[in-house]
Amino acid sequence: MIHFVVLISRQGKVRLTKWYSPYSQKERTKVIRELSGLVLNRGPKLSNFVEWRGLKVVYKRYASLYFCMCIDPEDNELEILEIIHHYVEILDRYFGSVCELDLIYNFHKAYYVLDELLIAGELQESSKKTIARLIAAQDSLVEAAKEEANSISNIIAQATK
Amino acid sequence: MGSQGGFGQSKEFLDLVKSIGEARSKSEEDRIILREIETLKRRIVEPDIPKRKMKEYIIRLVYVEMLGHDASFGYIHAVKMTHDDNLLLKRTGYLAVTLFLNEDHDLIILIVNTIQKDLKSDNYLVVCAALNAVCRLINEETIPAVLPQVVELLGHQKEAVRKKAIMALHRFYQKSPSSVSHLISNFRKKLCDNDPGVMGATLCPLFDLITIDVKSFKDLVVSFVSILKQVTERRLPKSYDYHQMPAPFIQIKLLKILALLGNGDKHASGQMYTVIGDLMRKCDASTNIGNAVLYECICCVSSIYPNTKLLEAAAEIISKFLKSDNHNLKYMGIDALGRLIKINPDVAEQHQLAVIDCLEDPDDTLKRKTFELLHKMTKSSNVEVIVNRMIDYMISVNDFHYKTEIASRCVELAEQYAPSNHWFILTMNKVFEHAGDLVDIKVAHNLMRLIAEGFGEDDDAADSQLRSSAVESYLRIVTEPKLPSAFLQVICWVLGEYGTADGNYSASYITGKICDVAEAYSSDETVKAYAITALMKIYAFEIAAGRKLDILTECQSLIEELAASHSTDLQQRAYELQAVVCLDAHAVECIMPSDASCEDIEIDITLPFLNSYVQQSLQNGAQPYIPEDARTGALSVSSFSNQEHRETSSHGLKFEAYEMPKPPVPSRPPPVSISTDLVPVPEPSYSRETHVSPPVLSASSSGSSELKLRLDGVQKKWGRPTYSSSPTSSSGVSPSPANGASKVEPAAPSTSRPRETYKDSKKAEVDPEKQKLAASLFGGASKSEKRASSTSHKASKGSSHSTGTSSVSKSSVPSTSEVKSPPQPLPDLLDLGEPTVSTIVPSADPFMQLEGLLDHDESGSTGSNAALDSTAKVPDIVSLYSELQVSGHDSSSTISPLSSNGSNNKNLKRTVSGGSPQGMKGPNLKEALEKDALVRQMGVNPTTQNPNLFKDLFG
């Protein structure tokens, strides 16, 4: 099971956090501090796994962003590494050549994508296409809602003129 | 798609994000966020906030919370937002509550109603959003509220809903297995769902169910095998392919399940052999995901009923992993090796040099994994090498958590496999010296007991030699600064008990050392207690031996200081010491016999000798015994007060003290029998190890304190039976550490093993250092295996020695050739800055190319050039993949070939882009520039701080 997903920038700034196991706000801060110390200082040629508090953290660097997932000791690290990559590929498809900035300003969208990929700490869907379709469906509804809201407000605006 | 049309937030929020991005320190960031919190607190309670504005506030709250601050003041607004009818707002509300709230939060109750309503919605997107929230927020109490609806959704026409419903039920199962126990048949049914996504999701709960109860799922073996077969034969839709592997994540999950089902079941395993064998043969070992599947195959093979062929295949894969340059694969290889040696210990032998390499690798993760492997393959023949290595590493690490773990592993191995007592003591000394505060205090007691008892053999000479060497080593160590408390306790106890036993050291020398300890660690009362008891023992032995007692002035002052101590425990010990040194030799020898810490004493817990006294008291009008549970606290105040002080020192205020009778001060029959009778010393089950048994006192004042003695006896009789129920192994007068030790851990390593005299000096002449180490690790391992089967100790020793040698030389041949030959065609998939990979492996996978892209040092210079190239070539590649084109994401067409191309078009790409992998990512640079421009338009300009922000994550 994945206990949490954390995205940290090279400078140690938090870009996204998702907790599947209960951690208090205090613990979360501590976890992130510990992890960034652990992960950011590792050399480039070393393995992508770190043992931490009896659990394992699998991380991968993309440009200046570190994707970290914390898993149980008996989980398959290589698989998790691929889940991270899977997520990045989906983000890339969604944002169109995703960059860190996309995630900074659209972190909530990154959350929506993550929610379609992982649920309750498990991989729920391994087809990129399915996820893309679901997100697109949600977005189109959102777009429709926006237009509707606009048109209504237009009508109101015109009516009250 | 997502970022087009602006970022959709207000300027204010964008400015916030920007200022956070530009913050130079954590404290600056905190200041900004605190200001934001103030703003939000004020704004969010304003009346009539437009919904769109509210939505933004909620997202800002998420941002605040994400950066580690408390946004609880806004939780209620997020909860309110989930009530909204507009999906846009509802979705935001659900996102926020799932991020904010843990399942035990009070606000959950306000959401359950909404969730119930939304689960019934005819818009499947609403249902999906609600199910996401269900997985995160529903706790054991609220499961019944949503369970019927979730079960109903298993039959929903949309596969996305069915999938999430399954995952929700899985979550329920994790929280409260009983809540869904009647639904297990649903999981079985959903395994046959015609959507592979639903089927894949169903594997998660099934895995958990099978982990708990294998037997009732044995009938599914055939189904799982057939699904796995179909997956590997690419029967699933293409969209489940990942880097050309057919649905690898589903394969891995299936393999995990098969490993459980086949464990120890020959019949079930037999059904799996073919499909696993095929999978291992066909699997593409050049991609990371392929290796993930292969690793899972090894786990499966080592779990199910052994099959020689599969084991061989597994061993082969492991050797590929270990020979790889990629640290991830090495790590997986070491882990897999650890699994395989459980079945076949010989596998390790051929990889010895690779293992040694990993042990000396600068990568800590790999090192630790290797220690784990060594821990698994420890035998009495290689324990010395392994434990020494572990200790060296233990000294070097700072991580508290890991240090504790490795220390306890060292102790465990040493206790289990120690080749000699001497080695054991030295090893424990090292562990204590460097991690004494981290190991269990029981370990210290074990060590004391070991030194006191010897190794159970009737070889007094060896035992005393052992003690001498212990004393010697402690006298050496004791001068080191800052020793852990537990270790000092051991040192004091051993010095007190055996410091003067062999006559090598004078009493004044030893007592001097002990005094130094007590002074140096004056804040540690336990150590001081051990120290003064040790002094008492040494003086007692001196007196008993008839030597003139010469108390050093420093010792004298220490005793006086402790006699005036605030700790009553220390005080008592000091007074006892003063009393003992005034006695004559005969009395001292009786109360403090030398080396008697292991003598057994018998205790009659009914204390029959007191019967007459009790009778007499009753006749004289004393109150009869009141059972413990009927007793009130007030009753015992006076009668217990005389022992109270022994406890108070260590526990401070103890509220239930009056209900818990203290361990009785050992009573004794009238003083006449002092010299003949064994004195019963009840060992209080909760006492610290530092209790000095007080008979000393009573002995010294025996003549006058008849009354007090009897009183003690009465309490003993009335006390809790448990306190005195376990007879302890001490001759009453010697202090109790030995008692404590022997009581705590009766199953300590008392059986000594013949010391391994295996030496590898011969090999050292021909082989390098590493092989020597390897030989001592692995050669020894195989040796002991062989010896176990043979009956004749000596003969087997000789023969096994030669086999050990030959195995080493044999395995050295392939391993040296491995070093010389160019790296195996397992590419370095995951290394970021590995430029050589592409030249070594011309047929590498797309994944590797992706990795190459991460080399961002070069991307800037080649970017614009490559952009031209790639714009020209994109259509070619895409036309090869019309299937992807259909999906119609223009923006994704640059990435899609990356994720799904074959080796042929990869070559094409190579030639087009002139060998520069960055070529493919050309258009992204453009997009990045566009994004940059867009952000600038909005007045946000973060580029100054961190240009990387615009860098494509893939390039």
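Each value in this text was obtained by applying a stated rule to the coordinates, not by laboratory testing. Bear in mind that the values here come from a model prediction, so they are computed numbers and not experimental data. Here Cβ is always computed from backbone atoms with ideal geometry, including for glycine, and neighbour counts include all displayed protein chains.
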Among the listed pairs B:K323/B:K403; A:K45/B:K369; A:K56/B:K367; B:K190/B:K256, those beyond 21 Å (Cα-Cα): B:K323/B:K403
Over segment B:122-275: Kirkwood hydrodynamic radius from C-alpha pairwise inverse distances, Å: 16.2 Å
Backbone HN-Hα couplings from phi across segment A:2-9 [Karplus 6.51/-1.76/1.60, Hz, Gly and Pro as x]: 8, 8, 6, 10, 9, 10, 10, 7
Using alpha-carbon coordinates, inclination of helix A:25-40 to the longest axis of chain A, degrees: 60 degrees
Unit charges at the beta carbon, dipole of segment A:2-126: most positive-side option, A:W52, A:I83, A:L114: A:W52
Per-selection metrics, segment B:277-407 (Cα): Rg and Dmax in Å: 15.2, 46
Estimated vicinal HN-Hα couplings, Hz - segment A:56-71 in sequence order (Karplus 6.51, -1.76, 1.60; Gly, Pro = x): 10, 10, 9, 10, 8, 9, 10, 6, 9, 10, 9, 9, 10, 10, 9, 10
Amide hydrogen neighbours beyond the local backbone of A:W52, cut-off 5 Å, H modeled: A:V57
Estimated vicinal HN-Hα couplings, Hz - segment B:529-543 in sequence order (Karplus 6.51, -1.76, 1.60; Gly, Pro = x): 4, 4, 5, 6, 5, 4, 4, 4, 5, 5, 5, 4, 5, 4, 5
Estimated FRET transfer efficiency when R0 is 51 angstrom, pair A:N41-B:L552 (beta carbons, to 0.05): 0.45
Dmax and Rg, reported as Rg then Dmax, of segment B:440-597 (C-alpha, Å): 14.9, 44
Cut-off under 5 Å, modelled amide H: who pairs with A:C99 long-range: B:L953
Inter-site label distance for B:A579 and B:F609 at 7 Å from Cα along Cβ, in nm: 1.7 nm
Lysine pair number, Cα distance threshold 16 Å (strictly under), segment B:440-597, separation 8 or more or different chains: 6
Shielding by partners, peptide B:21-27 (average Cβ within 10 angstrom, other chains): 2
Efficiency of FRET from Cβ geometry, B:S226 and B:H267, R₀ 22 Å, rounded to 0.05: 0.85
Equivalent ellipsoid semi-axes - Cα gyration tensor, segment A:2-126, angstrom: 20, 17, 15
Computed FRET value (nearest 0.05) for B:E519 with B:S72, which takes r as the C-beta separation and R₀ as 51 Å: 0.45
Cα-based shape type of segment B:348-421, given that a ≥ b ≥ c are square roots of the gyration tensor eigenvalues and the cut on a/c is 1.5: oblate
For A:R15, residues with placed amide H under 5 Å, excluding near neighbours: A:L7, A:I8, A:S9
Ordering of B:214-221, B:436-443 by burial proxy (mean other Cβ atoms within 10 Å per residue, highest first): B:436-443, B:214-221
Dipole moment magnitude, nearest 20 debye, segment A:2-126 about Cα centre, only Lys, Arg, Asp, Glu C-beta charged: 820 debye
B:S464 versus A:K26: modelled label distance in nm, points set 7 Å from Cα along the beta carbon direction: 5.8 nm
Mean-position separation - Cα centroids, segment B:602-625 and segment A:34-109, in angstrom: 74 Å
For segment B:179-314, size of Cβ-based charge dipole, Lys and Arg +1, Asp and Glu -1, in debye: 200 debye
For segment B:204-361, with +1 on Lys and Arg beta carbons and -1 on Asp and Glu, the positive-most of B:Y295, B:G270, B:A315 along the dipole: B:G270
Within segment B:440-597: Cβ-based charge dipole about Cα centre, in debye rounded to nearest 20 (Lys, Arg +1; Asp, Glu -1): 320 debye
